[in-house]
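The values are calculated or read from the model by the stated rules, or taken from the named source; none is laboratory data. Keep in mind that this is a model prediction, so the values were computed, not measured. Cβ coordinates were reconstructed from backbone atoms using ideal geometry, including for glycine residues, and neighbour counts include every protein chain displayed. Just so you know, the surface numbers come from the protein's heavy atoms only, side chains and all, with ligands and any DNA or RNA stripped out. Shrake-Rupley method; radii C 1.70, N 1.55, O 1.52, S 1.80 Å.
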Amino acid sequence: MDDELDLAEAAHYILGERPELDEQQVWAVLRELGEPPAASSNELALHLLEGTCPGVPPRVAQRILGEWRAYASLAREPDWDDED
């Protein structure tokens, strides 16, 4: 699999897992960062988002980042069909 994650698929996954999130806020975070930050870089990412996406509250950004990491983890797993 390509290492680059599809942002549209990520947004679809995040909104499916957290339907209460605002789609525009999800897209703002995805576009700003481009890829999910490592968990160890979470505070830095939240600080960056605070300045560049002021319409996204830190608590919401934290939820988006958590679901984005979950999506990335799933997207990078080998497909069950490919394990023959």
Seminar exercise, completed: Under a Gaussian network model of the chain whose springs join Cα atoms within less than 10 Å, the largest fluctuation of Glu20, Glu43, Glu32 belongs to Glu20
Exercise. Quick one: Cα convex hull volume of the range 20-64, Å³ per residue?
Worked result: 63
Exercise. What accessible area per residue, rounded to a whole number of Å², is obtained for the chain using a probe radius of 1.4 Å?
Worked result: 68
For this session: Under 12 Å from the Cβ of Thr52, count the other residues' Cβ atoms, weight Lys and Arg +1, Asp and Glu -1, and hand me the total.
Result: -1
Problem set entry | Debye, to nearest 20: dipole size of the chain, +1 on Lys, Arg Cβ, -1 on Asp, Glu Cβ | 760
Problem set entry | Among (i) 78; (ii) 69; (iii) 88, the entry that matches volume of the Cα convex hull per residue in Å³ as calculated here | (iii)
Seminar exercise, completed: Expressed as a percent, the accessible surface of the chain that is carbon or sulfur, using a 1.4 Å probe and the full set of protein chains, is 48
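If you stretched the chain out fully between Glu20 and Asp6, how much longer would it get, using 0.36 nm times the residue separation minus the C-alpha to C-alpha distance?
Result for the pair: 2.9 nm of gain on full extension.
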